[in-house]
Amino acid sequence: MIKIAVYGKGGIGKSTITSNLAASFAALGKKVIQIGCDPKADSTTNLLNGNPVMPVMNYLREYDREPEKIEDIAKEGFKGILCIETGGPTPGLGCAGRGIITTFSLLEDLKLFKKYQPDVVLYDVLGDVVCGGFAAPIREGYASEIIIVTSGEKMALYAANNINTAVNNFEDRGYAKVKGIVMNRRSVEREEEKVTDFANKAGLPIIADIPRSDDIIRYEDMGKTVIEGDKMLHVSQIFLKLAEQFINDGGSNE
């Protein structure tokens with residue numbers, strides 16, 4: 001099973017990267033689960049034609065009970081991708097990271113992975129602060145590989161460095177490893193130079209270079225990924241090649 005956690009600064013485009021990568025795996029015939037681990041709960045929207053799934057934390061608040069089956073907290077999207085969102089607490093109350101921990105515990109109780117038997121699982125994780133629940137995919141064995149998404153913006157690179165440092169702190173415990181960096185371009189001055197410099201210092205490869213693309217925006221306005229919209233586009237081919245790279249590398253054996 002290929003198990004990938006996608007980290008990066010809030011607003012850097014993690015959900016775009018994750019959903020297009022999920023769609024790419026599905027287009028290549030893989031059975032995919034995507035779990036959004038951000039309180040905004042918008043990770044999977046573009047796999048669901050803009051119709052969001054009810055987040056787990058919302059379900060718990062609305063029904064005041066735990067879900068009895070996976071279908072209570074999941075929807076199937078593009079090419080059968082199972083979409084789940086953790087959500088977060090009531091604004092101003094509670095810890096957002098707690099939503100991730102609660103969701104993961106529920107998914108274990110519901111035996112999600114045993115019942116669904118996915119080929120690929122992707123976690124879309126807020127990465128401004130890598131602590132508590134937000135570090136769960138790294139620490140608890142849910143993910144085996146990590147993608148760090150960054151642009152050439154100062155705060156995006158700062159967050160990327162924090163994420164890489166956090167992962168390195170877990171290195172001797174057999175936790176997830178950083179696969180590489182996805183450069184999500186924002187037309188920053190000397191952007192490629194800045195990201196390449198960071199990657200070299202961190203000892204990480206740049207595994208994909210995503211250009212600014214009006215096609216991404218156009219299809220997201222329709223509630224779609226570019227893979228669903230037109231997989232022959234240049235930007236779609238970049239996502240498909242990244243998915244193929246993970247498949248060829250074999251992912252986790254677990």
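Quick notes on this one:
- The condition (being modelled with pLDDT of 95 or more and of a type in the set (Ser, Thr, Tyr)) is satisfied by just one residue among Thr150, Thr86, Thr90, Thr102: Thr150.
- Every pair of residues 6+ apart whose Cβ atoms lie under 8 Å, when the first sits in the stretch 178-203 and is touching a residue at least 40 places away in the same chain (Cβ under 8 Å) while the second is assigned to a helix (DSSP H, G or I) and of a type in the set (Asp, Glu): none
- Any hit, the stretch 194-211, residues being of a type outside the set (Val, Ile, Thr), crowded, with 18+ Cβ neighbours inside 10 Å, out of contact with any Ser or Thr (no Cβ under 7 Å at 6 or more places or on another chain) and within 20 Å of Leu28 (Cα to Cα): yes
- Among residues of the stretch 101-123, those that are outside any helix (DSSP H, G or I) and in contact with a Cys (Cβ under 9 Å, 6 or more places away or on another chain), counted: 1
- Exactly one residue among Ala27, Ala5 is surrounded by 16 or more Cβ atoms within 10 Å (Cβ to Cβ), in contact with a strand residue (DSSP E or B) (Cβ under 7 Å, 6 or more places away or on another chain) and not polar (S, T, N, Q), and that residue is Ala5.
- Residue that is more than 19 Å from the chain's Cα centre (by Cα), under 25 Å from Leu157 (Cα atoms) and at pLDDT 95 or above, where the choices are Phe239, Phe246, Phe198: Phe198
- Looking across the stretch 32-60, the residues that are in a helix (DSSP H, G or I) and either in contact with a helix residue (DSSP H, G or I) (Cβ under 7 Å, 6 or more places away or on another chain) or closer than 18 Å to Phe104 by Cβ (or both) come down to Asn46, Leu47, Val56, Met57, Asn58, Tyr59, Leu60.
- Subset of the stretch 172-183 (residues that are more than 22 Å from Lys241 (Cβ to Cβ) and either in contact with a strand residue (DSSP E or B) (Cβ under 8 Å, 6 or more places away or on another chain) or crowded, with 21+ Cβ neighbours inside 10 Å (or both)): Ala176
- If you go through the stretch 1-34 and keep only what is among the small types (Gly, Ala, Ser) and either in contact with a Cys (Cβ under 6 Å, 6 or more places away or on another chain) or closer than 18 Å to Asn46 by Cβ (or both), you end up with Gly8, Gly10, Gly11, Gly13, Ser15, Ser19, Ala22, Ala23, Ser24, Ala26, Ala27.
- Scanning the stretch 242-252 for residues that are on the phi < 0 side of the Ramachandran plot and either touching a helix residue (DSSP H, G or I) at 6+ places or on another chain (Cβ under 6 Å) or in contact (Cβ under 8 Å) with a residue 24 or more places away in the chain (or both) gives Leu242, Ala243, Glu244, Gln245, Phe246, Ile247, Ser252.
- Within the stretch 16-31, the only residue that satisfies the criterion of being among the small types (Gly, Ala, Ser) and in a loop (DSSP other than H, G, I, E, B) is Gly29.
The values are calculated or read from the model by the stated rules, or taken from the named source; none is laboratory data. What you are looking at is a predicted structure, and each value in this text was computed from that prediction instead of being measured. Every residue, glycine among them, receives a Cβ derived from its backbone with ideal geometry; neighbour counts consider all protein chains shown.
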